[in-house]
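**Student:** Could you have a look at this structure, given as structure tokens, before my questions?
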Amino acid sequence: MSDAAVALRALLADASQCGAYYVDARDRESLAAAARGLEFALAPLDFAGCASKDDVLARFARALKFPEWFGGNWDALADCLSDLSWWPAPGYVLLLEHVDAWRTAQPQLYDTVLAILEDAAAAWTRQRKPFWALMPLPADALATLDAD
């Protein structure tokens, strides 16, 4: 295993660093491999063409295999992301794909989801369990965010 792979695993295993982050899309596969190597639950969520709150909630429910009691609202999303008892794992990595266009088209929905993800990560951090919501973006989109 390369030094970079070891460092990436160490980073993902550190629950004190967890949260929602933009990452370079070129690092997506390395991040996924590190998560698998740690035996973390890995959930890709594709937000391409995401059109509504109901669509967002359905994508989370499918990707994270939410239980039937999932209520289909923001509070239920927060509850499920902070529980995940039906999907036991030593840690969690969500890969939110194609968020840039969705973030631009639906900023209020995006901001709500981001706040819920950050709250969930904080709750998992208090339990010392890694929870990451990673949003791979092309390098040019990352550069645009850095300029903001």
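Read the figures in this text as sums done on the coordinates, not as results from a lab. The model shown is predicted, which means the values in this text are computed figures rather than measured ones. So basically every Cβ, Gly included, is an ideal-geometry build from the backbone, and we count neighbours across all protein chains shown.
**Student:** What helices in the chain pass both tests, a Cα length along the helix axis of 20 Å or more and a mean Kyte hydropathy of 0.0 or higher, using whole DSSP H runs? Before the final figure, lay out each step's value.
**Tutor:** Values: long enough: 107-126 (28 Å, 0.27).
Helices passing the filter in the chain: 107-126.
**Student:** Share of Cα-Cα pairs in segment 31-88 beyond 17 Å, in percent? Could the numbers behind the result be given before it?
**Tutor:** Values: 719 of 1653 pairs.
Value for segment 31-88 (Cα pairs over 17 Å): 43 percent.
**Student:** Can you give the relative contact order of the chain as a percent, counting alpha carbon pairs under 8 Å and 6+ residues apart?
**Tutor:** Details: 217 pairs, mean separation 56.1, N = 148.
RCO, the chain: 38 percent.
**Student:** Report the local net charge at Ala15: Lys and Arg +1, Asp and Glu -1, summed over other residues whose C-beta lies under 11 Å from its C-beta. Don't jump to the answer; show the numbers that get you there.
**Tutor:** Details: positive: Arg126, Arg128, Lys129; negative: Asp14.
Summing Lys and Arg as +1 and Asp and Glu as -1 gives +2.
**Student:** Continuing with the same structure: If you wrap a convex hull around the Cα atoms of the chain, how much volume per residue is inside, in Å³?
**Tutor:** Values: hull volume 16.0 nm³, N = 148.
Spread over its residues, the Cα hull of the chain gives 108 Å³ apiece.
**Student:** Next question, about the same structure. Mind checking the dipole of the chain: about its Cα centre, +1 per Lys or Arg Cβ, -1 per Asp or Glu Cβ, Debye to the nearest 20? Show your work: numbers first, answer last.
**Tutor:** Numbers: 12 positive and 21 negative charges, 89 e Å.
That gives the chain a dipole magnitude of about 420 debye.
**Student:** Select from Gly72, Gly19, Gly49 the residue whose mean-square fluctuation is largest in a Gaussian network model of the chain (Cα-Cα springs shorter than 10 Å).
**Tutor:** Highest fluctuation of the listed residues: Gly49.
**Student:** Between beta-carbons, use under 13 Å as the cut-off and find the net charge around Phe131, counting Lys and Arg +1, Asp and Glu -1.
**Tutor:** Details: positive: Arg126, Arg128, Lys129; negative: Asp14, Asp83, Glu118, Asp119.
Net of charged neighbours comes to -1.
**Student:** Right, another one. Using only helices, what value at 222 nm comes out for the chain when you add -39,500 (n - 2.57) per DSSP H run of length 4 or more and divide by the total residues, to the nearest 500 deg cm²/dmol?
**Tutor:** Values: 7 runs with 76 residues, N = 148.
About -15500 deg cm²/dmol.
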